[in-house]
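The values are calculated or read from the model by the stated rules, or taken from the named source; none is laboratory data. Fair warning: this is a prediction, and the values are worked out from it, not measured in the lab. Neighbour counts are summed over all protein chains in view; Cβ atoms, including those assigned to glycine, are modelled from backbone coordinates with ideal geometry. Ligands, DNA and RNA are stripped out before the accessible areas are found, and what is left, the full protein with its side chains, is counted by its heavy atoms. Shrake-Rupley method; radii C 1.70, N 1.55, O 1.52, S 1.80 Å.
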Amino acid sequence: MSASRRAFITGISGQDGSYLAEFLLSKGYEVHGMLRRTSHLSRARIDGLCERGAASEGCLQLHYGDMTDSMSLVRLMRDIQPHEVYNLAAQSHVRISFEQPNYTAEVSALGVLGMLDAIREFQHQSGQEVRFYQASSSEMFGNVQESPQRETTPFAPRSPYGVAKLYGHWITVNYRESYGLHASSGILFNHESPRRGENFVTRKVTQAAARIKRGLQKTVTLGNLEARRDWGFAGDFVKAMWCMLQQDKPEDYVIATGSSHSVRELCQIAFEHVGLDYHDYVEHDVRFERPAEVDHLLGDARKAREILGWKPSICFKDLIVMMVESDLKLAAK
Ligand code: NAP
Ligand code: F7E
């Protein structure tokens, strides 16, 4: 093994995984990512990173494994011998978690336990310290008990996803307290980018605005337009993950922008940017609503600002414009 710091990212093929890999490579890390087996290669977001990584100081290596296969996690810990583990893999879609609650729990709850046990086992065998980051979520606040939400706000999840993430969060806290693991949990509010999955609402809307403008699509069908979220930029949020693992003391941090907007405002900004009125193109279907909705999330990231020195760099409007511009280019292809 080389002398550089090694990071292991689960969920490297996802939105955050790709930004985090890029960021760690730029810092000279040797980055290892876990991919699950799929019939189609699911590495579009990280294509090209390996060559760029190899050209710079770091490099990127991919390995097969799965959060539901705990032996694969044990094996990867042994093979990679990482200094830092970023656990980003999850069934991350809230509405789909109502359709697949069991699977969501296996991946997003028990998978965290499997990862923590694999780390404990590796630390025990090798004597090498491993720092762990868990991707917790503002969905754990669900039926919010206070606003804005901070680290001390009581949790009240409203979906199988939120419940699974709460297990992952508490088991991370428990392993930190019980076994002294350097384990931190980032309670991240919604964060988006041009790489956001196409069935999350921001990307669904920016892609629709771009495709409608180019004449490739006629309308877009959405669920609840009144839900409000605290939306930030994924590229900013992955930096907070890294900052957490550079602290002497592992802790939990809320990461958020501190301002919230409705899905309706999102539509207005995205369509206005391409010179259209969203009223003419947005349709409604209850299929896209949830059995239990989270109405309003708003985060208070004061602790991250004060201890990590973290702050967001992009406002909501600029984020949506960035995404529409990217989708206009894709639509032109
Ligand atoms: P994402 O784009 O949906 O990526 C999820 C990643 O997990 C993908 O790489 C996916 O692989 C992988 N994965 C899913 N099931 C797996 C399994 N059984 N074994 C191994 N890998 C598996 O999610 P994201 O937006 O980047 O979010 C990253 C993490 O942060 C997730 O844990 C999410 O729950 C959490 N989070 C996200 C937000 C947000 O707003 N983005 C906010 C708070 C917390 P495939 O490519 O094969 O599907
Ligand atoms: O929904 C409403 C929907 O699916 C946002 C995940 O990254 O952030 C994400 O979860 C809002 C909800 O994100 C549609 O009802 C309306 O109120 O983009 P979303 P999410 O559920 O907030 C959290 C923090 C995570 O941790 C998750 O992993 O938009 N909405 N119409 C719609 N949502 C979708 N997806 N599709 C619609 O047509």
Taking region 57-87 as the search range and keeping residues that are touching a residue at least 60 places away in the same chain (Cβ under 8 Å) and in contact with a Leu (Cβ under 7 Å, 6 or more places away or on another chain), which one is nearest to Glu192 (Cα to Cα)? Tyr86
Which one is nearest to Ala183 (Cα to Cα) among residues in region 47-83 that are modelled with pLDDT of 95 or more and charged (D, E, K, R)? Arg78
Thr172: in contact with a Ser or Thr (Cβ under 7 Å, 6 or more places away or on another chain) and either more than 20 Å from Ser313 (Cα to Cα) or open to solvent by less than 20 Å² (accessible area, probe 1.4 Å) (or both), yes or no? yes
I need the full set of residues from region 205-223 which are of a type outside the set (Val, Ile, Thr), surrounded by 18 or more Cβ atoms within 10 Å (Cβ to Cβ) and either under 15 Å from the mean Cα position of the chain (by Cα) or within 12 Å of ligand 2 (Cβ to nearest atom) (or both), in order please. Gln207, Ala208, Leu222
Name the single residue that is most open to solvent (accessible area, probe 1.4 Å) among those in region 224-243 being over 29 Å from Lys333 (Cα atoms) and assigned to a strand (DSSP E or B). Arg228
Members of region 139-165 found to be within 14 Å of ligand 1 (Cβ to nearest atom) and touching a residue at least 40 places away in the same chain (Cβ under 8 Å), listed by number: Glu139, Met140, Phe141, Gly142, Gln149, Ser159, Pro160, Tyr161, Gly162, Val163, Ala164, Lys165
